[in-house]
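Asks: After the structure tokens below, expect a handful of questions from me.
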2 protein chains.
Amino acid sequence: MKYPNNLKKIYINPLTHKNRGMDLESELNESNEYYREMDKALIYKKPTPIGVTDVSYSPKGKIIERGFFKEPSTLDYNGLYRGKYIEYEAKVTQNRTSFPLANIHPHQINHVKSVLRHNGIVFLVIKMNEIVYLLKGDDFLAYIENHERKSIPYEFIKENGYMIKYSYRPTLDYLKIVDEIYFKEETE
Amino acid sequence: MKYPNNLKKIYINPLTHKNRGMDLESELNESNEYYREMDKALIYKKPTPIGVTDVSYSPKGKIIERGFFKEPSTLDYNGLYRGKYIEYEAKVTQNRTSFPLANIHPHQINHVKSVLRHNGIVFLVIKMNEIVYLLKGDDFLAYIENHERKSIPYEFIKENGYMIKYSYRPTLDYLKIVDEIYFKEETE
């Protein structure tokens, strides 16, 4: 892929970085890149939906002169793993005691329900208190459907979520957890 | 979803339009919207990947002041149907005798192979000579791997593709063809 001169692709060196400085999105992108290289899964971050209101033309192609970000109605990442459809959203909160539900749009909550109904794998990846958790879509829905609160307490996430550990490569081996949760019979 | 005043959502009236004036992308978007309303499938067009080089801030949110379109490495549409991962690319050609392969990037050809390897459903939707065809990923690969030509002859598409007929709603009921090809045993 070609990039204009003023935009550089960021190369990550996990050895010097210790990954702690990376944000969750970069960690997941790096992990998905690794999974693709190893031909383990095809999972991509979806581009942020934008509306283009003005363009111009240069010898290198069309240039966006003005645009805006749209509100997403699906989750951030989707793809194919072991013949199954997989989709998830990644969120970081600095809040230490609860995960604010304002982080997830109502359209996205409905989308989680739809993916479950259509037999896809769907979950949230939540980074909180420097720990990364996988929270299954049905556990997430169970909480919000039974509570009036505008946030999910950390206790709930700690008890119901699955911890994703940091490693060398991939940075976040979340498919190991997916195997344990969603492919248990086949793995055993 | 909110749209700024200078961008209007396009409403389509298939009765007066007869669909012929619509472009293939709109026809597929309308069909996917219908499938979601009917809770039949969750298939979306992926946003075009862009690189943002300059932003500004307004009371309504972040505005893109400059950006460019990136080359896609996956296909245009993906989603979930009957528990299976589905992905496809939609292309129109005005060429009456052959489909130019310049329409499909090398990264995308590799991606078609990957989706097949991981047991996903993958195909092309080609509009040519006013007819819409579904060409299976493996038929597409079989052709390009066995021919040196830079285009696929119309004869090949006519013989190996499946015609998708126009209807009232959805405009293009391509999942009917998907049922016939990929879910034959279950449907019978």
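Read-outs: derived from the displayed coordinates by stated rules, not from any lab. It should be emphasised that the depicted structure is a prediction, and the values quoted were computed from it without experimental measurement. Virtual Cβ from ideal backbone geometry, glycine too; neighbours counted across all protein chains shown.
Asks: Ranked by Cβ crowding within 10 angstrom, fewest neighbours first, how are A:GLU30, A:GLU25 ordered?
Replies: A:GLU25, A:GLU30
Asks: For the pairs A:LYS70/B:LYS165; A:LYS91/B:LYS40; A:LYS45/B:LYS84; A:LYS46/B:LYS184; A:LYS70/A:LYS113, flag any whose C-alpha to C-alpha distance is greater than 25 Å.
Replies: Distance filter (> 25 Å) returns A:LYS70/B:LYS165; A:LYS91/B:LYS40; A:LYS46/B:LYS184.
Asks: For each of B:ARG169, B:ARG96, count neighbouring Cβ atoms within 10 Å of the residue's Cβ, then give the residues from fewest to most.
Replies: The order, fewest Cβ neighbours first, is B:ARG96, B:ARG169.
Asks: Every other copy gets compared here: list the nm distances from the B:LYS113 label point (7 Å along Cα to Cβ) to its counterparts, shortest first, one decimal.
Replies: Spelled out, the distances from B:LYS113's label point are 4.3 nm.
Asks: While we're looking at this one, here's another question. Taking each full run of DSSP H in chain A as one helix, which ones are at least 15 Å long along their axis (Cα atoms) and have mean Kyte-Doolittle hydropathy of at least -1.0?
Replies: A:106-117
Asks: Please get the size of the charge dipole for chain B, origin at its Cα centre, with Cβ charges of +1 on Lys and Arg and -1 on Asp and Glu, quoted in debye to the nearest 20.
Replies: So the magnitude is around 680 debye.
Asks: In what sequence do A:GLU87, A:GLU65 fall when counting other Cβ within 10 Å, fewest first?
Replies: Sorted ascending by nearby Cβ count, the order is A:GLU65, A:GLU87.
Asks: A further question follows. Cα-Cα pairs above 20 Å in region B:31-162: how many percent?
Replies: 54
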